[in-house]
1. Please go through the stretch 118-134 and give me each residue that is out of contact with any strand residue (DSSP E or B) (no Cβ under 8 Å at 6 or more places or on another chain) and either within 16 Å of residue 90 (Cβ to Cβ) or at pLDDT 75 or above (or both), ordered by number.
2. Just for the stretch 251-274: of the residues that are at pLDDT 70 or above and part of a loop (DSSP other than H, G, I, E, B), which one is surrounded by the fewest Cβ atoms within 10 Å (Cβ to Cβ)?
3. Any residue at all in the stretch 188-201 that is in a loop (DSSP other than H, G, I, E, B), at negative phi, at pLDDT below 75 and in contact with a strand residue (DSSP E or B) (Cβ under 8 Å, 6 or more places away or on another chain)?
4. Can you find a residue that is at pLDDT 60 or above, buried (at least 17 other Cβ atoms within 10 Å of the Cβ), closer than 18 Å to residue 71 by Cα and more than 23 Å from the chain's Cα centre (by Cα) anywhere in the stretch 294-313?
5. Take the conditions surrounded by fewer than 17 Cβ atoms within 10 Å (Cβ to Cβ) and at pLDDT 75 or above and apply them to residue 239. Does it pass?
6. So which residues in the stretch 28-62 are farther than 20 Å from residue 171 by Cα, assigned to a loop (DSSP other than H, G, I, E, B) and in contact (Cβ under 8 Å) with a residue 12 or more places away in the chain, if there are any at all?
C-alpha cells in the first residue's frame with residue numbers, strides 16, 4: 001500500500017497550520033525582544049546622562065559622586081549622616097520616622113539600604129536608626145550649644161530636584177520611564193516602515209501546492225535580483241492576489257519623532273537639546289535657541305542649587321569641605337578655566353589638578 005499524503009487543503013480550511021498542526025489564528029505568546037533590548041540601552045543612556053551632570057569633590061572615604069547621583073536617580077532623595085561607631089559617613093535613602101512640622105519638614109528620618117534590604121548581619125545597625133534633619137544654618141548654632149552629641153544625631157537631606165508637597169520626590173528613573181519606553185518603540189516602528197516600503201507583499205494561495213509555487217517564485221526573484229536578470233519566468237496554475245498595503249509613514253518621520261522625544265528626555269534632566277524637534281537650520285533663529293536653553297538652564301540650576309546648599313550644610317556641621325560643580329562637558333565651557341573642557345576628576349573625588357600638584361610635590 002502506498003503512503004497516504006496529508007490533506008493540506010482541508011487542514012488550511014479548518015484553520016490548522018499544516019507545518020505546526022496548531023490553529024492558524026492562535027497568536028504566539030513570544031514577546032518582542034527588540035523593544036525590550038533597546039529599552040535597556042536607553043535606560044543606561046538616561047542614567048549616564050543623569051549621573052554625570054554634576055561633579056563632586058572632597059567627599060569622605062566610601063563616597064563618590066557617581067554613588068551619590070545613582071542613589072538620587074533611583075531613589076529621588078537621600079540623607080547624609082555620620083556613624084561614630086565605625087567613624088564613617090553615609091549617604092542613603094530615607095523614610096519618615098515620626099512627625100512633620102508646619103512646613104511639612106520631616107522632624108526625624110531613618111536610613112534605608114540602597115537595594116531595599118538589610119539582611120546581612122553587618123548591616124543590622126541600620127534597623128531602627130533615627131536622625132534629626134537640619135534644614136537651616138541657624139539650627140547649627142543651637143546644636144553647638146547642646147554639645148557634640150547633637151551633631152552625631154544630625155543629618156542633612158538632599159533631593160534630586162525641588163521637593164513635592166509631600167516632601168518626597170518621585171525617582172528620576174520612574175519619571176523617565178514613559179519617555180524611555182516611547183524611545184524604544186521608535187526604532188522598531190521605523191524599521192517596520194522601512195520593511196513595508198521595500199515592495200514585499202503577501203500573496204493568498206488556495207492550497208499547499210500553490211504555497212510551494214510562491215516560495216519557488218520568491219527564490220527566483222531574489223536570485224535574479226542578485227544576478228541582475230530583469231525577466232523572471234514563473235510557472236503556476238493559480239492567479240496570485242496582492243494583499244500587501246504599503247505604509248504611509250517613512251522611517252525618517254519615526255526618527256524625527258524619536259529625536260523630539262529624546263529632546264524632551266534631555267530637557268527634563270536640564271541638558272541642552274534641540275527642542276521638540278530640530279528644525280531646518282534655515283528656520284532656527286537666535287530667539288528660539290535662547291528660549292530653549294533658558295528653560296533648560298532653569299532645570300539644571302534647580303538641581304545644582306540643591307546640591308550646593310547641601311554641601312554648605314554638611315561643611316558647616318562636620319567641616320568636610322566638600323563641594324559640587326557643573327559638568328564642563330554638559331555646559332560645554334571651561335568652568336574651572338584650566339584651558340580644557342573636561343571633567344578632571346576620578347572616583348576619589350579629588351580634582352585632577354590637585355592630584356598632579358601632590359605628585360609634583362612628592363617628586
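The values are calculated or read from the model by the stated rules, or taken from the named source; none is laboratory data. These numbers come from a predicted model, not from an experiment. Backbone-built Cβ (ideal geometry, glycine too); neighbour counts: all protein chains shown.
1. 118, 120, 122, 123, 124, 127
2. 272
3. Among the residues of the stretch 188-201, at least one is in a loop (DSSP other than H, G, I, E, B), at negative phi, at pLDDT below 75 and in contact with a strand residue (DSSP E or B) (Cβ under 8 Å, 6 or more places away or on another chain), which makes the answer yes.
4. Checking the stretch 294-313: at least one residue is at pLDDT 60 or above, buried (at least 17 other Cβ atoms within 10 Å of the Cβ), closer than 18 Å to residue 71 by Cα and more than 23 Å from the chain's Cα centre (by Cα).
5. Answer is no for this residue.
6. Scanning the stretch 28-62 gives 32, 58, 59, 60, 61, 62.
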